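In what follows, a structure is listed as structure tokens, so that the remarks can point back to it.
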Amino acid sequence: MVCTKRGSVNITWKGGDSETYTLRYKFPDTVDLSMATASMEIRKSARDAEPAIPTKEAVIDIANAILTFSFSDVETAELLGDAQRSTFAYDTQVTYSPGQVKTLTGGALTVTAGITD
């Protein structure tokens, strides 16, 4: 999935599939990602203190202003558990140098069971 807008973005994944979430800056010349870090956190609800799986750091393509978060099949299966459908809250943040933090996207992340083994 590629997200090109800031704000609320709902995501649907299949549990047991490898998934990626990619953010692309619309105007790449307006942002300096050379010293930036980015993270994505998934929690059962926005009020939970702990993430449902460990916080994920993005791979940053500085030249093209693209952030890519990758999740393994094991991680998406862990999110789904034994359920047919599980819903979570997530958000993505980038920390620019010198420590300016900006939340880029957030919303609901739904993980559903697949049919094919």
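Read the figures in this text as sums done on the coordinates, not as results from a lab. Source: prediction; values computed, not measured. Cβ: placed from backbone, ideal geometry, glycine included. Neighbour counts: every protein chain shown.
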Report ³J(HN,Hα) in whole Hz for each residue of the range 63-72, in order, from the Karplus equation J = 6.51 cos²θ - 1.76 cosθ + 1.60 where θ = phi - 60°; Gly and Pro get x. 4, 10, 6, 10, 10, 10, 9, 10, 10, 7
Between Ile115 and Glu57, what is the FRET efficiency for a Förster distance of 41 Å, r being their Cβ-Cβ separation, to the nearest 0.05? 0.80
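Set the Förster radius R0 to 22 Å, insert the Cβ-Cβ distance between Asp48 and Thr95 as r into 1/(1 + (r/R0)^6), and round the FRET efficiency to 0.05. Walk me through the numbers on the way to the answer.
Details: r = 22 Å, r/R0 = 0.98.
For R0 = 22 Å, the calculated efficiency reads 0.55.
Over the chain, what is the relative contact order in percent, taking alpha-carbon pairs closer than 8 angstrom and at least six residues apart?
Across the chain, relative contact order equals 36 percent.
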Modelling each spin label as a point 7 Å along the Cα-to-Cβ direction, I'd like the Ser72/Ser8 distance in nm, to one decimal. 3.4
Suppose only helical runs count, i.e. DSSP H with n ≥ 4. What mean residue ellipticity at 222 nm does that imply for the chain under -39500 (n - 2.57) per run, divided by all residues and rounded to the nearest 500 deg cm²/dmol? -2000 deg cm²/dmol
Label zone at Asp29, where the point sits 7 Å out along the Cα-to-Cβ direction: the range 54-84 residues whose backbone N lies under 17 Å: 63-66
Express in % the proportion of alpha carbon pairs of the range 33-87 at distances exceeding 19 Å. 40
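From the square roots a ≥ b ≥ c of the eigenvalues of the alpha-carbon gyration tensor of the chain, which class results: rounded (a/c under 1.5), prolate (a/b over b/c), or oblate? Show your work: numbers first, answer last.
Numbers: a/c = 2.24, a/b = 1.80, b/c = 1.25.
Because a/c hits 1.5 or more and a/b exceeds b/c, the chain counts as prolate.
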